[in-house]
Every structure is written in C-alpha cells, then in structure tokens.
1. Kindly check whether there is at least one residue in the stretch 41-49 that is modelled with pLDDT under 95, within 22 Å of Glu74 (Cα to Cα) and of a type in the set (Ser, Thr, Tyr).
2. Answer yes if at least one residue in the stretch 43-63 is in contact (Cβ under 8 Å) with a residue 40 or more places away in the chain, part of a helix (DSSP H, G or I) and surrounded by 15 or more Cβ atoms within 10 Å (Cβ to Cβ), and no otherwise.
3. Residues of the stretch 1-35 being modelled with pLDDT of 95 or more and over 12 Å from the mean Cα position of the chain (by Cα), which ones?
4. Taking the residues in the stretch 10-36 that are part of a strand (DSSP E or B) and among the polar types (S, T, N, Q) as candidates, determine which candidate is surrounded by the most Cβ atoms within 10 Å (Cβ to Cβ).
5. Restricting to the stretch 64-83, give me the number of residues that are part of a strand (DSSP E or B) and modelled with pLDDT under 95.
6. Please identify the pairs in which a residue from the stretch 8-29 that is closer than 14 Å to Thr60 by Cα has its Cβ atom under 9 Å from the Cβ atom of a residue that is part of a helix (DSSP H, G or I), counting only partners at least 6 apart or on another chain.
Amino acid sequence: MPGPTASAMISNEDLMRAVGRYLDRHRLKNVCVLQVEGGVVVQGTATVYTSEAYQDALETYTISWEELQALIAEFRRLDGMRR
C-alpha cells in the first residue's frame, strides 16, 4: 500500500500560510488558488512597469508540493527565531 501523498501530509493551515507567503513575495493581488494533484496553482494580478506606464498583468504559477514543504519549513524556522 502506498504511503500518504504530500498533500495529505500538509494541513490546510500550513498550506494557506505557505501560499500566502508565496503570493506576498510575488506581490500578487486579486488571486485565485486551486489545489491540484501536483501542488497548487495560483493566479493573480501583479503591477508591472512598461515603457508607457504601470499596468496590471495576469500571472499564473504552479507551486509544487516540494516547494510548499520548503516554504512551510522556512516559516516554522522563522517563527522559532521570533520566540
């Protein structure tokens, strides 16, 4: 019998904290988050500067379970430093 999947090993709270950290780093707003077999797909708008002006551009990223686990480990480490 196969072991638990990566998605089953991440709580929803940790998942949303990791996704939130990712969204903040990419400065995305007006976001949509979709959990898929390989991880999480996030889509949102980011303000970009073109030669003419600032504009909102639609950006889509796929975050793998491995990347999410690394983000979770990072915020747990940072939380430990704050205590």
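The values are calculated or read from the model by the stated rules, or taken from the named source; none is laboratory data. Since the structure is predicted, the reported quantities are computational estimates derived from the model, not experimental observations. With ideal geometry, Cβ positions are generated from the backbone for all residues, glycine too; neighbour counts draw on all protein chains shown.
1. no
2. Restricting attention to the stretch 43-63, the residues satisfying the condition of being in contact (Cβ under 8 Å) with a residue 40 or more places away in the chain are 63.
Adding the requirement that they be part of a helix (DSSP H, G or I) leaves none.
There is no residue in the stretch 43-63 that is in contact (Cβ under 8 Å) with a residue 40 or more places away in the chain, part of a helix (DSSP H, G or I) and surrounded by 15 or more Cβ atoms within 10 Å (Cβ to Cβ).
3. Lys29, Asn30
4. Initial filter on the stretch 10-36 (part of a strand (DSSP E or B)): 29-36.
Subset that is among the polar types (S, T, N, Q): 30, 35.
On the way: Asn30: 10, Gln35: 12.
Filtering the stretch 10-36 for residues that are part of a strand (DSSP E or B) and among the polar types (S, T, N, Q), the one surrounded by the most Cβ atoms within 10 Å (Cβ to Cβ) comes out as Gln35.
5. As a first pass, look at the stretch 64-83 and keep what is part of a strand (DSSP E or B): 64.
Of the ones still in play, those that are also modelled with pLDDT under 95 are none.
Qualifying residue count, the stretch 64-83: 0.
6. Pairs found: Val19/Leu68; Val19/Leu71; Tyr22/Glu67; Tyr22/Leu68; Tyr22/Leu71; Leu28/Tyr22; Lys29/Leu23.
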